[in-house]
Amino acid sequence: SRFNGPNQEILEDRLGVWEEAEDALAFSSGMSAIATLFLAMVKPGDTIVHSGPLYAATETLIARVLGKFGVNYIDFPAGASREAIDKVLDRAKAQGRVAMIYLESPANPTNALVDVEAVAASRDAAFADTEEKPPIAIDNTFLGPLWQQPLKHGADLVIYSLTKYAGGHSDLVAGGLLGTKAHIDIVRSMRNTIGTITDPNTAWMLLRSLETLELRMSRAGENAAKVCRFLADHAKVERVGYLGFLEEQGDAQQADIYRRHCLGAGSTFSLYLKGGERESFAFLDALRIAKLAVSLGGTETLASHPAGMTHISVAEPRKSQLGITDNLVRISIGVEDADDLIADFDQALATI
Ligand code: PLP
């Protein structure tokens with residue numbers, strides 16, 4: 001049972017269908033999927049090229065854990081141009097074997113999108129003369145599988161924290177990896193060795209979740225569009241970092257990536273209030289329907305304060321570089337009635 005099981009296999013087949021992937025694997029968490037992928041692909045002296053920022057535990061895994069085993073990394077900011085990515089890949093190549101190009105898009109909490117097509121073109125050009133091409137892996141937790149399908153834009157592997165939208169009920173922890181059979185086979189043998197497969201009961205719960213995946217994500221996406229429109233026009237709001245507003249906010253380069261890569265704007269976004277920590281805390285304390293908690297992609301709306309919660313251990317200079325300010329509230333919209341959510345945000349904003 002450490003290798004496989006009927007529930008897990010059905011789950012993997014159905015996950016693969018969503019992104020038309022050749023093969024898929026289920027894991028005990030998003031992080032165990034990511035860790036198993038790295039263990040399978042890297043060896044001492046290799047370099048990992050990655051977009052930044054990444055989910056904090058992924059950054060820790062690359063920099064601190066793999067760093068202890070002599071694995072190097074070079075990062076580039078999500079949103080980088082083809083030219084900038086070319087330069088980073090040249091630098092990485094000069095250091096020795098490039099094991100993997102690892103992306104996360106949109107980045108958390110900035111929502112910056114990575115140009116996967118540009119990364120794939122850059123990788124293909126940089127490694128045209130070499131026998132081995134580093135695979136491109138991307139964490140698609142925030143938009144997948146409904147709103148972004150990166151295998152169609154040149155990625156070889158897609159990673160999921162199934163704990164979020166795919167699970168959707170905040171009652172399980174699991175991870176997924178989808179992609180080309182050749183790469184998945186390498187990771188499967190590592191999973192067999194270290195036992196990071198999901199358990200049969202969680203796999204069964206995920207099969208239940210997948211029945212409503214499209215319904216839940218569609219409703220959450222529609223709700224987010226209405227809530228964001230309300231918030232963007234509110235006097236106490238400085239800015240709403242929502243992918244649906246890239247065009248009107250005049251960010252031509254990000255809007256271009258959005259048009260080419262995304263099928264929807266998602267339901268997780270950044271709300272910048274006028275003020276600072278005091279205003280953010282007052283707002284969060286006053287919410288009645290939205291719950292104060294981290295995580296995202298569940299049926300219930302969640303709100304959190306990254307500077308004081310998920311990113312509290314991040315050093316101040318890095319926080320400001322990432323735009324993690326005291327007036328930032330992260331929101332993940334669920335499947336409630338949109339007008340109820342708007343009324344809740346309205347009354348909470350009135351208290352600050
Ligand atoms: N990737 C992203 C983008 C995440 O937001 C998270 C969790 O918050 C993970 C990976 C890790 O997933 P898990 O909590 O299932 O290990």
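The values are calculated or read from the model by the stated rules, or taken from the named source; none is laboratory data. This one's a predicted model, so the numbers in the text were calculated from it and none came from an experiment. Cβ atoms come from the backbone with ideal geometry, glycine included; neighbour counts cover every protein chain shown. Side chains included, ligands, DNA and RNA excluded: accessible areas come from the protein's heavy atoms. Shrake-Rupley method; radii C 1.70, N 1.55, O 1.52, S 1.80 Å.
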> So which DSSP H runs in the chain come out at 27 Å plus along the axis (Cα) with average Kyte-Doolittle of at least -1.0?
Replying inline: 213-232
> What percent antiparallel are the DSSP beta bridges of the chain, to the nearest 5?
Replying inline: 55 percent
>> Relative contact order of the stretch 50-115, please, whole-number percent, based on alpha carbon pairs below 8 angstrom and at least 6 residues apart.
In response: 44 percent
> Cβ under 14 Å from Ser270's Cβ, Ser270 left aside: what net charge do those residues give with Lys, Arg +1 and Asp, Glu -1?
Replying inline: 0
>> Just to verify a number: what accessible area does Lys43 come out at with the full protein assembly present, 1.4 Å probe, Å² rounded to tens?
In response: 100 Å²
>> At 1.4 Å probe size, with the rest of the protein present, what percent of the exposed accessible area of the chain is carbon and sulfur atoms?
In response: 54 percent
> In a shell of Cβ-Cβ distance under 15 Å around Glu316, excluding Glu316 itself, what net charge do Lys and Arg (+1) and Asp and Glu (-1) give?
Replying inline: 0
>> Using DSSP to call loops (not H, G, I, E or B), can you name the trypsin sites (Lys or Arg not before Pro) in the stretch 1-66 whose Cβ has at most 12 other Cβ atoms within 10 angstrom?
In response: Arg2
> Which of the lysines could a cross-linker span from Lys319 if the Cα-Cα distance has to be under 21 Å and same-chain partners fewer than 8 positions apart are dropped?
Replying inline: Lys274
> Of the listed peptides 229-235, 305-311, what is their order by residue-averaged count of other C-beta atoms within 10 Å, with the highest listed first?
Replying inline: 305-311, 229-235
>> Given contacts defined as C-alpha pairs under 8 Å and at least six residues apart, what's the relative contact order of the chain, whole-number percent?
In response: 19 percent
> Among 180-189, 16-25, 124-133, what's the highest-first ranking by average C-beta atoms within 10 angstrom per residue?
Replying inline: 16-25, 180-189, 124-133
> In the structure shown, do any of Lys87/Lys133; Lys93/Lys181; Lys43/Lys93; Lys164/Lys291; Lys68/Lys164 have a Cα-Cα gap over 20 Å, and if so which?
Replying inline: Lys93/Lys181; Lys68/Lys164
> What do you reckon, how do Thr47, Thr193 stack up by accessible area (1.4 Å probe), largest on top?
Replying inline: Thr193, Thr47
>> Can you tell me the length gained on complete extension of the stretch Thr212 to Ala182, counting 0.36 nm per residue apart and subtracting the Cα distance?
In response: 7.7 nm
> In Å, what is the Rg of the alpha-carbon atoms in the stretch 217-276, and how long is Dmax?
Replying inline: 11.9, 35
> How many Å³ per residue does the convex hull of the Cα positions in the stretch 138-194 occupy?
Replying inline: 76 Å³
> Rg(Cα) of the chain divided by 2.2 N^0.38 Å?
Replying inline: 0.97
>> Considering all alpha-carbon pairs of the stretch 10-144, what whole percent are spaced by more than 25 angstrom?
In response: 26 percent
> Taking only protein heavy atoms and a 1.4 Å probe, what accessible area per residue, in Å², does the chain have with all protein chains in place?
Replying inline: 41 Å²
